[in-house]
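The values are calculated or read from the model by the stated rules, or taken from the named source; none is laboratory data. Treat the numbers as computed from the prediction; the structure is a model and nothing was measured. Here the Cβ is made from the backbone with ideal geometry for all residues, glycine too, and neighbour counts use every protein chain on show. Heavy atoms of the whole protein, side chains included, go into the accessibility calculation; ligands, DNA and RNA do not. Shrake-Rupley method; radii C 1.70, N 1.55, O 1.52, S 1.80 Å.
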Amino acid sequence: MKYTKSIRDFLVEYADADTNRLRLMNIQAEFDVAWAILQIEARKKIQRKLPTWASNMDLIFPSVLSTEQCSSEQTAQYKQRLISPGNLADLTGGLGIDTYYFSQKASQVVYVERMAEYCQAARSNFKNLGADNITVVADDCTHFVQNNTHRFDTIYIDPARRGSGNKRIFALAECEPNVVELLPTLLQQARRIVIKVSPMADISAILALLPEITEVHVVSVRNECKEVLLFIDSTLLPTDNNPMIYCVNIEATGDTSVFPFRMSEEKQQPHSTPCEKISRYLYEPNSSILKAGAYKVVALKYGIAKLQINSHLYTSDVYIPDFPGRKFEVIEALDFNTKIIKAVGKQYPCLNLSTRNFPMAAVELQKRLKCKDGGDLYLFATTLARNRKILIITKKKTIV
(Lines give C-alpha, C1' and ligand atoms only; values in the text may rest on other atoms or scores of the structure.)
Protein backbone atom coordinates (compact mmCIF):
# COMPACT_ATOMS: atom_id res chain seq x y z
CA MET A 1 0.00 0.00 0.00
CA LYS A 2 1.20 3.51 -0.84
CA TYR A 3 0.10 6.85 0.50
CA THR A 4 -2.22 8.85 -1.74
CA LYS A 5 -3.37 12.40 -1.15
CA SER A 6 -6.70 11.05 0.12
CA ILE A 7 -4.96 8.78 2.64
CA ARG A 8 -2.67 11.57 3.82
CA ASP A 9 -5.66 13.90 4.30
CA PHE A 10 -7.41 11.12 6.27
CA LEU A 11 -4.37 10.61 8.52
CA VAL A 12 -4.15 14.33 9.27
CA GLU A 13 -7.90 14.71 9.89
CA TYR A 14 -8.14 11.75 12.27
CA ALA A 15 -4.64 11.84 13.79
CA ASP A 16 -6.01 12.31 17.32
CA ALA A 17 -9.18 10.24 16.92
CA ASP A 18 -10.05 7.10 18.88
CA THR A 19 -9.13 4.33 16.41
CA ASN A 20 -11.64 1.89 17.94
CA ARG A 21 -14.43 4.39 17.29
CA LEU A 22 -13.12 5.02 13.78
CA ARG A 23 -13.48 1.33 12.99
CA LEU A 24 -17.15 1.45 14.01
CA MET A 25 -17.97 4.49 11.84
CA ASN A 26 -18.24 2.51 8.57
CA ILE A 27 -16.31 5.20 6.68
CA GLN A 28 -16.60 4.91 2.89
CA ALA A 29 -13.56 5.94 0.88
CA GLU A 30 -11.60 5.18 -2.28
CA PHE A 31 -8.81 3.61 -0.24
CA ASP A 32 -8.47 0.81 2.34
CA VAL A 33 -9.85 2.53 5.44
CA ALA A 34 -8.80 -0.31 7.78
CA TRP A 35 -5.18 0.06 6.59
CA ALA A 36 -5.30 3.84 7.05
CA ILE A 37 -6.66 3.44 10.59
CA LEU A 38 -3.81 1.01 11.30
CA GLN A 39 -1.35 3.73 10.27
CA ILE A 40 -2.96 6.18 12.72
CA GLU A 41 -2.86 3.63 15.54
CA ALA A 42 0.76 2.70 14.82
CA ARG A 43 1.88 6.34 14.84
CA LYS A 44 0.19 6.86 18.20
CA LYS A 45 2.08 3.87 19.61
CA ILE A 46 5.47 5.30 18.67
CA GLN A 47 4.99 9.00 19.36
CA ARG A 48 7.17 8.85 22.45
CA LYS A 49 9.78 6.24 21.59
CA LEU A 50 10.08 7.05 17.87
CA PRO A 51 9.11 10.73 17.49
CA THR A 52 11.12 11.16 14.27
CA TRP A 53 9.43 8.23 12.57
CA ALA A 54 6.00 9.14 13.94
CA SER A 55 6.18 12.61 12.41
CA ASN A 56 7.45 11.39 9.02
CA MET A 57 4.34 11.10 6.82
CA ASP A 58 6.19 9.07 4.17
CA LEU A 59 6.76 6.06 6.41
CA ILE A 60 4.56 2.94 6.38
CA PHE A 61 3.86 0.67 9.35
CA PRO A 62 3.02 -2.98 8.57
CA SER A 63 1.28 -3.67 11.89
CA VAL A 64 0.68 -2.27 15.36
CA LEU A 65 2.63 -5.20 16.82
CA SER A 66 5.73 -4.08 14.89
CA THR A 67 5.60 -0.72 16.66
CA GLU A 68 5.17 -2.36 20.07
CA GLN A 69 8.16 -4.68 19.62
CA CYS A 70 10.59 -2.27 17.96
CA SER A 71 13.51 -0.46 19.60
CA SER A 72 13.25 3.18 20.59
CA GLU A 73 15.29 5.85 18.84
CA GLN A 74 17.45 6.23 21.95
CA THR A 75 18.33 2.54 22.25
CA ALA A 76 18.88 2.18 18.49
CA GLN A 77 21.24 5.15 18.52
CA TYR A 78 23.12 3.66 21.46
CA LYS A 79 23.57 0.36 19.63
CA GLN A 80 24.73 2.25 16.56
CA ARG A 81 27.66 3.65 18.53
CA LEU A 82 28.78 0.16 19.52
CA ILE A 83 29.10 -1.42 16.07
CA SER A 84 32.03 -1.25 13.66
CA PRO A 85 31.80 0.64 10.34
CA GLY A 86 32.00 -2.62 8.35
CA ASN A 87 29.12 -4.70 6.99
CA LEU A 88 26.27 -5.95 9.20
CA ALA A 89 23.36 -8.35 9.04
CA ASP A 90 20.20 -7.69 11.05
CA LEU A 91 18.63 -11.14 11.16
CA THR A 92 15.35 -10.07 12.78
CA GLY A 93 14.51 -6.91 10.85
CA GLY A 94 10.97 -6.21 12.07
CA LEU A 95 10.03 -2.56 11.68
CA GLY A 96 13.63 -1.79 10.74
CA ILE A 97 14.49 0.79 13.40
CA ASP A 98 17.76 -0.88 14.41
CA THR A 99 18.58 -1.64 10.77
CA TYR A 100 18.16 1.99 9.78
CA TYR A 101 20.37 3.33 12.57
CA PHE A 102 22.99 0.64 11.89
CA SER A 103 23.03 1.78 8.26
CA GLN A 104 24.12 5.26 9.31
CA LYS A 105 27.42 3.81 10.53
CA ALA A 106 27.89 0.46 8.78
CA SER A 107 29.04 0.42 5.16
CA GLN A 108 26.47 -2.19 4.08
CA VAL A 109 23.52 -3.68 5.96
CA VAL A 110 21.39 -6.74 5.20
CA TYR A 111 17.87 -6.65 6.62
CA VAL A 112 16.41 -10.17 7.03
CA GLU A 113 12.70 -10.64 7.77
CA ARG A 114 10.39 -13.58 7.09
CA MET A 115 7.13 -11.59 6.91
CA ALA A 116 6.52 -10.30 3.39
CA GLU A 117 4.48 -7.26 4.45
CA TYR A 118 7.28 -6.16 6.78
CA CYS A 119 9.80 -6.45 3.96
CA GLN A 120 7.55 -4.43 1.65
CA ALA A 121 7.21 -1.67 4.24
CA ALA A 122 10.97 -1.76 4.95
CA ARG A 123 11.89 -1.30 1.28
CA SER A 124 9.59 1.71 1.05
CA ASN A 125 10.73 3.23 4.33
CA PHE A 126 14.45 2.79 3.72
CA LYS A 127 14.05 4.42 0.31
CA ASN A 128 12.16 7.39 1.76
CA LEU A 129 14.78 7.72 4.50
CA GLY A 130 17.59 7.75 1.95
CA ALA A 131 19.19 4.60 3.39
CA ASP A 132 20.47 3.20 0.10
CA ASN A 133 23.04 0.87 1.69
CA ILE A 134 20.42 -1.59 3.02
CA THR A 135 19.52 -4.81 1.20
CA VAL A 136 16.14 -6.28 2.17
CA VAL A 137 15.97 -10.08 2.19
CA ALA A 138 12.64 -11.86 2.68
CA ASP A 139 13.69 -15.02 4.49
CA ASP A 140 13.55 -16.83 7.80
CA CYS A 141 16.71 -15.92 9.72
CA THR A 142 17.64 -19.56 10.44
CA HIS A 143 17.29 -20.48 6.77
CA PHE A 144 19.26 -17.38 5.79
CA VAL A 145 22.13 -18.27 8.12
CA GLN A 146 22.21 -21.90 7.03
CA ASN A 147 22.55 -20.82 3.39
CA ASN A 148 24.69 -17.71 3.84
CA THR A 149 28.11 -17.62 2.17
CA HIS A 150 29.06 -14.05 3.15
CA ARG A 151 31.24 -12.97 6.06
CA PHE A 152 29.95 -10.09 8.19
CA ASP A 153 31.71 -7.83 10.65
CA THR A 154 28.60 -7.88 12.88
CA ILE A 155 25.47 -9.99 13.11
CA TYR A 156 22.60 -8.57 15.15
CA ILE A 157 19.70 -10.73 16.29
CA ASP A 158 16.65 -10.02 18.44
CA PRO A 159 14.86 -13.37 18.93
CA ALA A 160 11.10 -13.29 19.41
CA ARG A 161 10.15 -13.45 23.08
CA ARG A 162 6.48 -14.41 22.80
CA GLY A 163 5.26 -17.99 22.78
CA SER A 164 1.86 -19.58 22.23
CA GLY A 165 -1.07 -17.48 23.36
CA ASN A 166 1.16 -14.38 23.14
CA LYS A 167 2.84 -15.47 26.38
CA ARG A 168 6.02 -13.59 27.24
CA ILE A 169 9.21 -15.66 27.32
CA PHE A 170 12.36 -14.72 29.23
CA ALA A 171 14.59 -17.82 28.88
CA LEU A 172 16.96 -17.35 25.94
CA ALA A 173 16.83 -20.99 24.81
CA GLU A 174 13.02 -20.79 24.52
CA CYS A 175 13.03 -17.76 22.19
CA GLU A 176 12.61 -17.98 18.42
CA PRO A 177 15.06 -18.61 16.92
CA ASN A 178 17.03 -20.55 19.54
CA VAL A 179 20.20 -18.45 19.59
CA VAL A 180 22.01 -20.97 21.81
CA GLU A 181 21.71 -23.61 19.09
CA LEU A 182 22.37 -21.14 16.28
CA LEU A 183 25.44 -19.51 17.86
CA PRO A 184 28.16 -21.84 16.45
CA THR A 185 26.94 -21.08 12.93
CA LEU A 186 26.73 -17.35 13.65
CA LEU A 187 30.31 -17.32 14.94
CA GLN A 188 31.48 -18.83 11.64
CA GLN A 189 29.86 -15.99 9.72
CA ALA A 190 30.72 -12.88 11.74
CA ARG A 191 33.45 -11.45 13.91
CA ARG A 192 30.98 -10.02 16.39
CA ILE A 193 27.52 -11.20 17.44
CA VAL A 194 25.07 -8.87 19.20
CA ILE A 195 22.04 -10.51 20.83
CA LYS A 196 19.16 -8.50 22.26
CA VAL A 197 17.36 -10.28 25.09
CA SER A 198 14.46 -9.46 27.38
CA PRO A 199 15.06 -6.81 30.07
CA MET A 200 13.60 -9.42 32.41
CA ALA A 201 16.26 -12.00 31.52
CA ASP A 202 18.47 -13.44 34.26
CA ILE A 203 21.94 -12.12 33.42
CA SER A 204 23.79 -14.61 35.64
CA ALA A 205 21.93 -17.53 34.03
CA ILE A 206 22.74 -16.22 30.54
CA LEU A 207 26.43 -15.88 31.39
CA ALA A 208 26.46 -19.48 32.56
CA LEU A 209 24.65 -20.56 29.39
CA LEU A 210 26.88 -18.58 27.00
CA PRO A 211 30.45 -18.40 28.34
CA GLU A 212 31.49 -16.84 25.01
CA ILE A 213 29.96 -13.49 26.00
CA THR A 214 32.55 -10.70 26.10
CA GLU A 215 30.33 -7.72 27.03
CA VAL A 216 26.87 -7.10 28.48
CA HIS A 217 25.07 -3.77 28.07
CA VAL A 218 22.02 -3.14 30.28
CA VAL A 219 20.25 -0.17 28.71
CA SER A 220 17.62 2.02 30.39
CA VAL A 221 15.77 5.01 29.00
CA ARG A 222 14.61 7.58 31.54
CA ASN A 223 15.41 5.07 34.30
CA GLU A 224 13.28 2.28 32.82
CA CYS A 225 15.21 -0.83 31.80
CA LYS A 226 14.52 -1.46 28.10
CA GLU A 227 17.15 -3.80 26.72
CA VAL A 228 19.87 -6.24 27.67
CA LEU A 229 22.50 -6.63 24.92
CA LEU A 230 24.95 -9.51 24.78
CA PHE A 231 28.16 -9.05 22.78
CA ILE A 232 30.29 -11.94 21.60
CA ASP A 233 33.56 -10.96 19.91
CA SER A 234 35.38 -13.94 18.41
CA THR A 235 38.68 -12.02 18.24
CA LEU A 236 38.83 -11.50 22.00
CA LEU A 237 40.05 -14.01 24.57
CA PRO A 238 37.39 -15.75 26.73
CA THR A 239 36.46 -13.83 29.86
CA ASP A 240 35.85 -16.95 32.00
CA ASN A 241 32.20 -15.96 32.52
CA ASN A 242 33.36 -12.58 33.76
CA PRO A 243 32.63 -10.07 30.99
CA MET A 244 32.49 -6.32 31.46
CA ILE A 245 28.93 -5.23 32.24
CA TYR A 246 27.92 -1.70 31.24
CA CYS A 247 24.95 -0.21 33.10
CA VAL A 248 23.57 2.50 30.83
CA ASN A 249 20.92 5.13 31.48
CA ILE A 250 19.78 7.50 28.72
CA GLU A 251 18.02 10.64 29.94
CA ALA A 252 15.25 12.47 28.06
CA THR A 253 17.85 15.12 27.20
CA GLY A 254 20.02 12.49 25.51
CA ASP A 255 22.64 12.61 28.28
CA THR A 256 23.95 9.11 28.95
CA SER A 257 25.54 7.73 32.11
CA VAL A 258 27.51 4.49 32.06
CA PHE A 259 28.55 2.46 35.11
CA PRO A 260 30.92 -0.42 34.19
CA PHE A 261 31.80 -3.36 36.42
CA ARG A 262 32.59 -7.07 36.35
CA MET A 263 30.50 -9.70 38.09
CA SER A 264 33.62 -10.95 39.92
CA GLU A 265 34.04 -7.50 41.53
CA GLU A 266 30.52 -7.71 42.93
CA LYS A 267 30.94 -11.27 44.20
CA GLN A 268 34.32 -10.60 45.83
CA GLN A 269 33.12 -7.63 47.88
CA PRO A 270 31.84 -8.37 51.38
CA HIS A 271 28.41 -7.13 52.36
CA SER A 272 28.59 -3.80 54.15
CA THR A 273 27.39 -3.40 57.71
CA PRO A 274 23.67 -2.46 57.75
CA CYS A 275 23.02 1.20 58.59
CA GLU A 276 21.85 2.22 62.03
CA LYS A 277 20.69 5.65 60.84
CA ILE A 278 20.11 7.72 57.72
CA SER A 279 22.64 10.38 56.76
CA ARG A 280 21.99 13.70 55.04
CA TYR A 281 21.55 12.32 51.51
CA LEU A 282 19.76 9.30 50.08
CA TYR A 283 20.72 7.64 46.79
CA GLU A 284 18.82 5.24 44.55
CA PRO A 285 20.86 3.69 41.69
CA ASN A 286 19.33 3.76 38.24
CA SER A 287 17.40 0.72 37.03
CA SER A 288 20.28 -0.62 34.91
CA ILE A 289 22.57 -0.89 37.92
CA LEU A 290 19.87 -2.64 39.93
CA LYS A 291 19.07 -4.98 37.03
CA ALA A 292 22.75 -5.90 36.64
CA GLY A 293 23.08 -6.53 40.39
CA ALA A 294 25.90 -4.05 41.03
CA TYR A 295 24.74 -3.54 44.61
CA LYS A 296 28.08 -3.66 46.42
CA VAL A 297 30.43 -2.19 43.81
CA VAL A 298 28.35 0.97 43.41
CA ALA A 299 28.63 1.58 47.16
CA LEU A 300 32.36 0.96 47.04
CA LYS A 301 33.00 3.26 44.10
CA TYR A 302 31.07 6.22 45.51
CA GLY A 303 31.87 5.72 49.19
CA ILE A 304 28.27 5.43 50.29
CA ALA A 305 26.59 3.12 52.79
CA LYS A 306 23.99 0.55 51.78
CA LEU A 307 21.02 0.68 54.13
CA GLN A 308 20.66 -3.08 54.43
CA ILE A 309 21.53 -6.16 52.37
CA ASN A 310 18.07 -6.25 50.72
CA SER A 311 17.38 -2.51 50.80
CA HIS A 312 18.88 -1.20 47.58
CA LEU A 313 19.12 2.37 48.82
CA TYR A 314 22.25 4.18 49.94
CA THR A 315 23.10 7.09 52.21
CA SER A 316 25.93 9.52 52.81
CA ASP A 317 26.67 12.84 54.49
CA VAL A 318 28.50 13.90 51.32
CA TYR A 319 26.59 14.98 48.23
CA ILE A 320 27.68 13.14 45.06
CA PRO A 321 26.44 15.09 42.01
CA ASP A 322 27.59 12.49 39.46
CA PHE A 323 25.98 9.50 41.19
CA PRO A 324 24.29 7.32 38.51
CA GLY A 325 20.76 7.46 39.82
CA ARG A 326 18.31 9.56 41.76
CA LYS A 327 19.65 11.83 44.51
CA PHE A 328 17.62 13.07 47.47
CA GLU A 329 18.14 15.34 50.45
CA VAL A 330 16.73 13.81 53.63
CA ILE A 331 14.18 15.88 55.52
CA GLU A 332 13.57 13.35 58.29
CA ALA A 333 13.64 9.61 58.98
CA LEU A 334 10.92 8.17 61.21
CA ASP A 335 10.39 4.79 62.81
CA PHE A 336 7.39 3.01 61.32
CA ASN A 337 4.56 2.61 63.83
CA THR A 338 0.87 3.44 64.21
CA LYS A 339 1.50 6.82 65.81
CA ILE A 340 3.91 7.87 63.06
CA ILE A 341 1.50 6.75 60.33
CA LYS A 342 -1.12 9.22 61.57
CA ALA A 343 1.40 12.04 62.02
CA VAL A 344 2.99 11.61 58.57
CA GLY A 345 -0.39 11.53 56.86
CA LYS A 346 -1.36 14.84 58.43
CA GLN A 347 1.99 16.58 57.97
CA TYR A 348 2.58 15.41 54.39
CA PRO A 349 -0.75 15.26 52.50
CA CYS A 350 1.00 14.73 49.12
CA LEU A 351 3.90 12.31 48.64
CA ASN A 352 5.60 10.33 45.91
CA LEU A 353 5.74 7.03 47.74
CA SER A 354 8.01 4.00 47.21
CA THR A 355 8.62 0.85 49.25
CA ARG A 356 11.99 -0.96 49.19
CA ASN A 357 12.43 -4.14 51.26
CA PHE A 358 9.32 -3.29 53.24
CA PRO A 359 6.46 -5.62 54.33
CA MET A 360 3.79 -3.45 52.75
CA ALA A 361 3.10 -2.51 49.13
CA ALA A 362 3.19 1.18 48.20
CA VAL A 363 -0.55 1.25 47.45
CA GLU A 364 -1.40 -0.22 50.86
CA LEU A 365 0.94 2.16 52.67
CA GLN A 366 -0.55 5.13 50.83
CA LYS A 367 -4.01 4.12 52.05
CA ARG A 368 -2.73 3.80 55.62
CA LEU A 369 -1.11 7.25 55.43
CA LYS A 370 -4.21 8.73 53.75
CA CYS A 371 -1.99 10.86 51.51
CA LYS A 372 -2.33 11.70 47.84
CA ASP A 373 0.19 10.76 45.18
CA GLY A 374 2.37 13.58 43.83
CA GLY A 375 3.96 16.77 45.03
CA ASP A 376 7.62 17.65 45.55
CA LEU A 377 8.38 15.28 48.41
CA TYR A 378 9.39 11.61 48.19
CA LEU A 379 8.80 9.01 50.88
CA PHE A 380 10.83 5.79 50.97
CA ALA A 381 9.59 3.02 53.26
CA THR A 382 12.44 0.60 53.88
CA THR A 383 14.44 -1.43 56.42
CA LEU A 384 17.66 -0.68 58.33
CA ALA A 385 19.85 -2.74 60.67
CA ARG A 386 18.17 -5.15 63.09
CA ASN A 387 15.12 -5.25 60.81
CA ARG A 388 14.13 -1.71 61.80
CA LYS A 389 11.33 -0.37 59.58
CA ILE A 390 11.49 3.34 58.77
CA LEU A 391 9.88 6.05 56.64
CA ILE A 392 12.33 8.47 55.00
CA ILE A 393 10.93 11.81 53.87
CA THR A 394 13.07 13.43 51.17
CA LYS A 395 13.16 16.00 48.43
CA LYS A 396 15.06 15.73 45.17
CA LYS A 397 18.50 17.26 45.38
CA THR A 398 19.09 19.94 42.80
CA ILE A 399 22.56 21.10 41.81
CA VAL A 400 23.11 24.74 42.77
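Where the only charges are on Cβ atoms (+1 Lys, Arg; -1 Asp, Glu), what is the dipole of the chain about its Cα centre, to the nearest 20 debye? Kindly include the intermediate steps, with their values, before the conclusion.
Values: 50 positive and 43 negative charges, 366 e Å.
Dipole magnitude for the chain comes out near 1760 debye.
Of 184, 292, 313, which is farthest on the positive side of the dipole of the chain, counting Cα position, with +1 on Lys and Arg Cβ, -1 on Asp and Glu Cβ, and the Cα centre as origin?
Value computed over the given set: 313.
Determine how large the accessible area of residue 265 is when every protein chain is in place; take a 1.4 Å probe and give Å² rounded to the nearest 10.
80 Å²
Considering just Cα atoms, how many Å³ per residue does the convex hull of the chain enclose? Numbers along the way, then the final one.
Details: hull volume 71.4 nm³, N = 400.
Taking only Cα atoms, the chain has a hull volume of 179 Å³ per residue.
Report, by chain and number, residues whose modeled amide H sits under 5 Å from the one on residue 313, excluding near sequence neighbours (fewer than 5 apart, same chain).
Placed amide hydrogens put 307, 308 under 5 Å from residue 313.
I'd like the accessible area for residue 4, computed on protein heavy atoms only with a 1.4 Å probe and all protein chains in place. Round to 10 Å², please.
Ignoring ligands and nucleic acids, residue 4 comes out at about 60 Å².
Add -39500 (n - 2.57) for each DSSP H run of 4 or more in the chain, then divide by its residues: what number comes out at 222 nm, to the nearest 500 deg cm²/dmol? Before the final figure, lay out the partial values.
Values: 16 runs with 133 residues, N = 400.
Calculated mean residue ellipticity at 222 nm is -9000 deg cm²/dmol.
Taking a probe of 1.4 Å, how large is the accessible area per residue of segment 2-107, in Å²? Can you show the working numbers first?
Working: 5020 Å² over 106 residues.
Averaged over the residues of segment 2-107, the accessible area is 47 Å².
In what sequence, highest mean first, do 209-218, 75-84, 47-56 appear when ranked by Cβ atoms within 10 angstrom?
Numbers: 209-218: 19.9, 75-84: 17.8, 47-56: 15.4.
Sorting 209-218, 75-84, 47-56 by mean packing, highest first, produces 209-218, 75-84, 47-56.
Would you mind telling me which residue in 62, 359, 85 has the biggest mean-square fluctuation in a Gaussian network model of the chain, where springs connect alpha carbons within a distance under 10 angstrom?
359
Considering only 94, 53, 245, whose Cα is most displaced toward the positive end of the charge dipole of the chain, charges sitting on Cβ of Lys, Arg (+1) and Asp, Glu (-1)?
Going by the charge dipole, the pick is 245.
Could you tell me how far the Cα centroid of segment 116-141 sits from the Cα centroid of segment 51-74, in Å?
14 Å
How many Å² of accessible area per residue for segment 238-351, probe 1.4 Å? Could the numbers behind the result be given before it?
Values: 5620 Å² over 114 residues.
Computed with neighbouring chains in place, this is 49 Å² per residue.
For a 21 Å ceiling on Cα separation, which of these pairs sit above it: 79/301; 306/367; 306/370; 196/327; 49/397; 306/327? If you can, show how the numbers build up before the last one.
Numbers: 79/301 26 Å; 306/367 28 Å; 306/370 29 Å; 196/327 30 Å; 49/397 28 Å; 306/327 14 Å.
With Cα atoms farther than 21 Å apart: 79/301; 306/367; 306/370; 196/327; 49/397.
What FRET efficiency would be calculated for the residue pair residue 317, residue 55, taking the C-beta separation as r and a Förster radius of 60 Å, to the nearest 0.05?
On the way: r = 47 Å, r/R0 = 0.79.
The formula returns an efficiency of 0.80 here.
If I compute solvent accessible area with a 1.4 Å probe over the protein chains, what percent of it on the chain is carbon and sulfur? Please report the intermediate quantities before stating the final value.
Details: 9820 of 19600 Å².
The nonpolar share, carbon plus sulfur, comes to 50 percent.
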